[in-house]
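Worksheet: one structure, shown below.
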Amino acid sequence: MKKFDIKKIILPCALLALFSGPLFAQAESAGVERYGLYIGSNDGGKNHQRLLYAGSDAIAFQKIMTDIGGISKSNGILLLDPAKEDVDNAFGIISDMMQKKQASAKRSEFVFYYSGHSDENSLLLGKTTYDYSSLKAAITNVPSDVHVVILDSCFSGNFIRTKGGSKQKPFLIDDASVVKGHAYLSSSSSQESSQESDEIGSSFFTNAMINGLRGAADTSGDKKVTLNELYSYAFNETLSKTENTADPQHPNYNITLVGSGDLVLSDVSASDCILAISREMTGRIIVRDKNGKLVSEINKTTQTPVYLALEEGQYGVSVIGEYATLQGSFALLPKQTYALSTASLSPIARAETRSRGDEPQAEQAQNGAPDESQVAQEREIEKTPFVFSFLCNEFNGMGSKDISTNFSLALLRSSVYEAKGAMVSLGGNETEILRGAQISTIYNVAQQNAIGGQVANIFNYANNVTGGQVANIVNIANDLTGVQFSNIANIAIGNARGVQVSNIANIAVKDFTGLQASVIANVATGNVKGAQVGFINICKGDCDFQLGFINYSRNGIFEIGASYTTNKRTRISLNSGSKYLYTVLGAYVDPSHFSIEGTEIKTGTAFFGLGTRLNIWKFNFDFEVLANEVFFVNTQKDVDNKKRVETEWYPTTRFSVGFTPIKHLRLFAGAALSYKVSSNEKAFTTMTKNIVWDAGKVTVYPEFDFGLRFSAH
């Protein structure tokens, strides 16, 4: 693992702090105009794995700078998966905006943020690249007094080393109105990769930057985050989160500023809602939203208050101290500062673990660390091997204490703090920590951890599951690693990995890795690394595989087409599915009638099948295998006063070539081969047959069509 010299960080930061003043104050400061260009590029080209969070990182960075960074929405541009020319156009637009306001602005400041792929020489923007020298020149040409460049990509330290920039110490001048210069921050050195994490749903560096801008980096307690505070915080957080990986990250910097003062990047006091963490609270403070998503994580070691800019909503918080862990929840309302203190939280028992090289209990006691019996006494945890109750175990006289047990049995309800074996009840089971199984006719609840299984007739809920949930109605898990089986619905709110199987619906409110299978619908609001199988499959992120009648994913195929065939039929189709395999659903509209022994017959044809696609530049090549169902409707009612409906089916193979002149529109031409055998001759009685290939037992009917497709992507 690479080591770093702390002097390289402390010395420049100390010099900047000594010779600096409010250069980068909020946009409401008189005469200062701020502008931002935010780029997120998941696509690094065909030789690079597609990223998952570059786009969402850029969106999150734009939001934090708009909320408390002084860059109005009108002065910011967001680009997702752009080409080089798109970036150049954005530079031009921002330069024009600056020039129009130049007369009225005392100073202009420009923030450039990029998250995505890069190599030793350039940013990788899909099929195009932007070399560092050209990028640095383009940023320099933006007519602002101050440039702040933040690059979150592999080898981004090379941008700092590229010709055109060098490390210099800022010096003091009296007139802050003539401040000029730049600050370059990169997520890694010139030889290192940058990493993103599924657990936090972001890159380590951007997550640290946004957390720091919210207020976690404010070491002075003045509710303002300066450039030096942010860099120091992002460096330490990024390194600590990646030092045990294969490629630890060491963020780099290049700061050349002329003027008085430090660069203030965000003002927490500008936020509509603020969380104030009291002076006396120390430890690892973890804040999550109501869905369990990590919002902020702070390692608070000093007796200094911390203020965090958050959004309105419900939050949960955990404070992991040296000897105790506290938990609680709070609500933030508009125009409110919520004071978080130890008095507003409740202690919880820690999971029993043993680290390698633990000190003996006697030695721990000498060092001042409480042993297990002390913790049990403080928390009033009573250990007992069995808990039996005819109704509820609280009636046993233990209702005022937390119970840790191996086995709990109750007729109506069993409620304990910790269950290390099994809980059985006809009514319900409730526990904070489960290491085993919960079995109940009505419901099971494990509020902290469930390592094992839950089986109930009505529903199961667990905050964190490693194992399985089986219910007749619904399963709910905040974070799941294992299996969910239900007759109605499965809901995984956090980061689920495993299998969801239900008759009605599966819902993953975040990324999902594994299989979602249901009769009706599968829904994932994040990315799916695996498969969705159901009648309707919806993935708001990227999905590896979808199989159903109607499918939607961000990186997949979803298009409606219409064409006219050489057999004088109109073909309507819906293609939906993943990038390389999709389902086809459609119908032929044929207004023709025909007569059998004087009886008028109406016909219609529906088809369903699978297709695969190859994309080359603006062309696509599709191959499809289809099953066609022909419906014969007798217009004359039978003796029961009903119209008689008969069906017949035939197979088709189809090949088509498409061309996309503009986004969302595709022109295509196709050729289809339909196959008639002795068992499906009736299916072809109404079809216009311009070309016939007779191959003995099989007759082939070719058909050609030309049309348009309208795509959602």
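Taking GluC sites (Glu not before Pro) across the stretch 269-321, the ones in a DSSP loop with at most 16 further Cβ atoms lying within 10 angstrom of their Cβ are 280, 311, 312.
For a modelled paramagnetic label at residue 128, 7 Å from Cα along Cα-to-Cβ, the residues of the stretch 46-72 in reach, with backbone nitrogen under 17 Å, are 46. Classified by the C-alpha gyration tensor, the stretch 449-554 has an oblate form. Its axis ratio a/c, with a ≥ b ≥ c, is 1.5 or above, and a/b does not exceed b/c. Here the spin labels are modelled as points 7 Å beyond Cα on the Cα-Cβ line, and at residue 88 and residue 612 they lie 3.9 nm apart.
Across the stretch 647-713, Cα-Cα pairs more than 15 Å apart make up 60 percent of the total. Farthest toward the positive end of the dipole of the stretch 77-155, out of 89, 134, 154, is the Cα of 89, where the dipole comes from beta carbon charges about the Cα centre.
Among 675, 417, the sequence by solvent-accessible area, most first, with a 1.4 Å probe is 675, 417.
Simple point charges give the picture: +1 on the Cβ of Lys and Arg, -1 on the Cβ of Asp and Glu, and for the stretch 25-125 a dipole about the Cα centre of about 320 debye.
Would you tally the net charge around residue 55, using a Cβ to Cβ cut-off of less than 11 Å, leaving residue 55 out, and scoring K and R as +1, D and E as -1?
Result for the neighbourhood of residue 55: -2.
Of the trypsin sites (Lys or Arg not before Pro) found in the stretch 266-296, not one falls in a DSSP loop while having at most 10 other beta-carbon atoms within 10 Å. Surface composition of the stretch 615-713: carbon and sulfur atoms hold 63% of the protein heavy-atom accessible area at a 1.4 Å probe.
The values are calculated or read from the model by the stated rules, or taken from the named source; none is laboratory data. Everything numeric in this text was worked out from a predicted model, so none of it was measured. Positions of Cβ are generated from backbone atoms using ideal geometry, with glycine treated the same way; all protein chains shown enter the neighbour counts. Protein only, heavy atoms only, side chains kept; ligands, DNA and RNA dropped before computing areas. Shrake-Rupley method; radii C 1.70, N 1.55, O 1.52, S 1.80 Å.
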